[in-house]
Amino acid sequence: AREATTVWVLPCGYACALEAVPRRLVSDVDRPVNIVARPGCPTVLELAELGVRRVSVGAWFAFAALGALVEAATELRDQGTFGYLDRASIGARTALPAFDGD
């Protein structure tokens with residue numbers, strides 16, 4: 001670890017919720033401490049206040065997108081409604097310019 005440029009904490013879940021863990025790492029290690037966030041992780045601001053230098057979300061954005069897909073499909077199947085289209089419009093506005101041919 002002496003040659004390392006940073007220290008990664010994988011994953012940041014229950015251990016990070018115990019703020020003493022990242023706080024102790026930051027104080028005991030002379031390298032930047034980076035966290036891979038998971039459910040239950042403190043906020044970015046809280047981690048920064050503990051001295052954490054970088055927070056990664058790993059695959060959690062993909063999991064969030066998959067969760068939205070499951071919720072939309074469940075709504076359509078169970079209720080026959082299209083409420084998810086309001087949320088989907090955010091993604092559509094972002095993606096559609098890539099297909100406008102310019």
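The values are calculated or read from the model by the stated rules, or taken from the named source; none is laboratory data. All figures in this text were calculated on a predicted structure; none of them were measured in a lab. Cβ placement follows ideal geometry from the backbone for every residue including glycine, while neighbour counts extend to all protein chains displayed.
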For segment 70-80, does any single residue satisfy the condition of being touching a Lys or Arg at 6+ places or on another chain (Cβ under 8 Å), modelled with pLDDT of 85 or more and not hydrophobic (A, V, I, L, M, F, W, C)? no
State yes or no: is Val44 closer than 27 Å to Arg87 by Cβ and either at pLDDT 85 or above or assigned by TED's automatic domain parsing to the domain that holds Gly91 (or both)? yes
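Looking at segment 1-36 only, could you name the residues that are modelled with pLDDT of 60 or more and in contact with a helix residue (DSSP H, G or I) (Cβ under 7 Å, 6 or more places away or on another chain)? Explain how you work it out, then say what you get.
Step one: filter segment 1-36 for residues modelled with pLDDT of 60 or more, giving 3-9, 19-36.
Listed by number, the residues that qualify are Val7, Val9, Glu19, Val21, Pro22, Arg23, Val26, Val33, Ile35.
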For Val36, all conditions in the list (1) in contact with a Leu (Cβ under 8 Å, 6 or more places away or on another chain); (2) among the hydrophobic types (A, V, I, L, M, F, W, C); (3) not assigned by TED's automatic domain parsing to the domain that holds Arg23 hold save one; what is the number of the exception? (3)
List, please: which pairs have Cβ atoms under 9 Å, are six or more places apart or on different chains, and start with a residue in segment 86-97 that is assigned by TED's automatic domain parsing to the domain that holds Leu69 and end with one that is in a helix (DSSP H, G or I) and acidic (Asp, Glu)? Arg87/Glu71
Among the residues of segment 50-66, how many are exposed (fewer than 13 other Cβ atoms within 10 Å of the Cβ) and outside any loop (DSSP other than H, G, I, E, B)? 6
